[in-house]
Amino acid sequence: MKKIVIVGAGASGLMASIYLKEQAVKNNIDLDIVLVEKNDRVGKKILSTGNGKCNFTNTVLEPIHYNNPDFVKPILDSFSCEDLQNWFLTKGLYSKADKEGRVYPITESASSVLDIFRIELEKNNIRVITSFAMNSIKPKGKGYIISDGVNNIYADEVIISTGGLSAPVLGTNGDGHRVLKSLNISLTKMQPGLVGIKTNKESIRSLSGLRTKSLVTLYENNQIVKSEFGEVQFKDDGISGIVIMNLASCIKDLNNSYLEADLLPSFSEEDIVEYLLNKQQQYGNFFVSQMLVGLLPNILSLKILKDLGYKDNTKIKHLPKAEFYKIAKAIKKYTFKPVALYGYDRSQVTVGGVDLKEVNENLELIKLPNIYLCGEILDIDGMCGGYNLHFAFASAVHVSNAIINK
């Protein structure tokens, strides 16, 4: 009987252990599957996903939503959004999609998803060892010895699903990366992903607490990297919101990047100028501070006008048309200079990980046969909206099928 040890009982590890056992039974293959986890219980990070509602996949599941689309395509093709929903449905978990395509359990509770996994572990008689923090893997014969420094476990084949560096309070602190690096496995540069951005203070001063929808564009070296529309949330020292978190994952060169927000994407500059000219005609005796009422949140319009140097006692009728173009440009190109990303403690995913050149099409390490990787430990990260959790599940299925086929 072959022994499979799965290291890490997050989304990937849980799925791999259960799906692998199901396929083994289906194909009359006798496997001894052991799931080990450093925490005192399994699936801690699942409970925090989707603001506790567990957005586990997306109906618009396309490779373009990932950093390495060509690599993820066959994995997504072999286990789609519908496949994942149906798999959960066979376990009794119903799901639903919102208008953005984000799929949640019908209970809107992440604990429902974790409870399903716990039930399936018990149903399939899968041995779970908690409080086991892997700190080394050593070859032994055709297999490996996995150790936490005190206890040793032999495995014919190993699945490593220890996650990345994000949310360290939940146990994902890079243990898997450190062990693989000691085995001469290359890692790409890592940084927090799906996280807010700390910005220059001038661009956010007095705006803390404001939420406004904008079309935001990320530039690096004066070249457009990505544009996305969504809600921008202003904080004391930076900005956040889904649109900002998605763009943060695309930043490669912080020092040579900036963000440009179109605060009124449905208006052209000419539309704004015409609006201001009408205001001047009808409300010429009013002050400039009242000029953008009805167009932008008041706190934001006052900030823009102050940045442009207008005095509070200036009347609208005294502004020449050229000034209206300056105001329109400031609205259409409101600029933020990133100074840092918020840390791993606030990030939802890790950008970077094990270099994809280190694994074959089955996600098996080329240098260390019979060791497979799945989930966030790889250099794969997706946009906010269920893409990362889906990859965690799909890659676990992909690895499980590879082991069964072997």
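Descriptive notes on the structure:
- For segment 336-377, alpha-carbon Rg relative to the globular expectation (2.2 N^0.38 Å, N residues): 1.65
- Segment 257-399: C-alpha pair distances exceeding 19 Å, %: 65
- Placing a label point 7 Å from the Cα of LEU254 along the Cα-to-Cβ direction, the residues of segment 212-239 with a backbone N closer than 14 Å are 238-239.
- From the coordinates shown, percent of Cα pairs over 37 Å apart corresponds to which of [x] 33; [y] 71; [z] 22: [x]
- With both residues required to sit in the chain, DSSP beta bridges show an antiparallel share near 75%.
- Cβ-Cβ FRET estimate between ASP345 and LYS321, R0 fixed at 60 Å, reported to 0.05: 0.75
- Whether segment 261-323 is rounded, prolate or oblate, judged on the alpha carbon gyration tensor where a/c under 1.5 counts as rounded: oblate
- Only protein heavy atoms count here; under a 1.4 Å probe, ILE404 has an accessible surface of about 30 Å².
- Cα-centred dipole magnitude for segment 216-290, charges only on beta-carbon of K, R (+1) and D, E (-1), debye, nearest 20: 120
- Per residue, the accessible area of segment 243-311 comes to 48 Å², computed with a 1.4 Å probe over protein heavy atoms only.
- Per residue convex hull volume, Cα atoms of segment 1-154, in Å³: 143
- The alpha carbons of segment 27-108 give a radius of gyration and a Dmax of 15.3, 44 Å, in that order.
- Equivalent ellipsoid of segment 169-273: semi-axes from √(5λ) of the C-alpha gyration tensor, largest first, are 33, 16, 12 Å.
- With 10 Å bins from 0: P(r) over segment 213-278, alpha-carbon pairs, percent: 20, 44, 26, 9, 0
- Surface composition of segment 1-148: carbon and sulfur atoms hold 48% of the protein heavy-atom accessible area at a 1.4 Å probe.
- Segment 332-406: GluC sites (Glu not before Pro) in DSSP coil with no more than 12 other Cβ atoms inside 10 Å: GLU361
- Simple spin-label estimate for SER48 and ASN278 gives 4.8 nm between the two label positions (7 Å along the Cα-to-Cβ direction from each Cα).
- Theoretical FRET efficiency, 1/(1+(r/R0)^6), r = Cβ-Cβ of ALA402 and LYS213, R0 51 Å, to 0.05: 0.70
- Counting only protein heavy atoms and a 1.4 Å probe, segment 51-110 has 52 square angstrom of accessible area per residue.
- Among the listed pairs LYS21/LYS53; LYS189/LYS337; LYS138/LYS198; LYS44/LYS303, those beyond 31 Å (Cα-Cα): LYS138/LYS198; LYS44/LYS303
- Under the criterion of Cα pairs below 8 Å and six or more residues apart, the relative contact order for segment 304-374 equals 16 percent.
- Here the Gaussian network model covers the chain, with springs between Cα atoms less than 10 Å apart; of ILE160, ILE18, ILE366, ILE366 fluctuates the most.
- FRET E, pair ASP355, ASP77, Förster distance 25 Å, beta-carbon r, rounded to 0.05: 0.65
- The label-point distance for ASN27 and ASP40, in a model that sets each label 7 Å from Cα toward Cβ, rounds to 3.9 nm.
- Ellipticity estimate at 222 nm from DSSP helix runs (n ≥ 4, -39,500 (n - 2.57)) divided over the chain, nearest 500: -9500 deg cm²/dmol
- Between LYS2 and ASN86, the distance separating the two model label sites (each 7 Å from Cα on the Cα→Cβ line) works out to 2.6 nm.
- Carbon/sulfur fraction of accessible area - segment 187-315, other protein chains in place, 1.4 Å, %: 48
The values are calculated or read from the model by the stated rules, or taken from the named source; none is laboratory data. Please read these numbers as outputs of a predicted model, since none were measured by experiment. No Cβ is skipped: glycine too gets one built from the backbone with ideal geometry, and neighbour counts run over all protein chains shown. Ligands, DNA and RNA are excluded from the accessible area calculation, which covers all protein heavy atoms including side chains. Shrake-Rupley method; radii C 1.70, N 1.55, O 1.52, S 1.80 Å.
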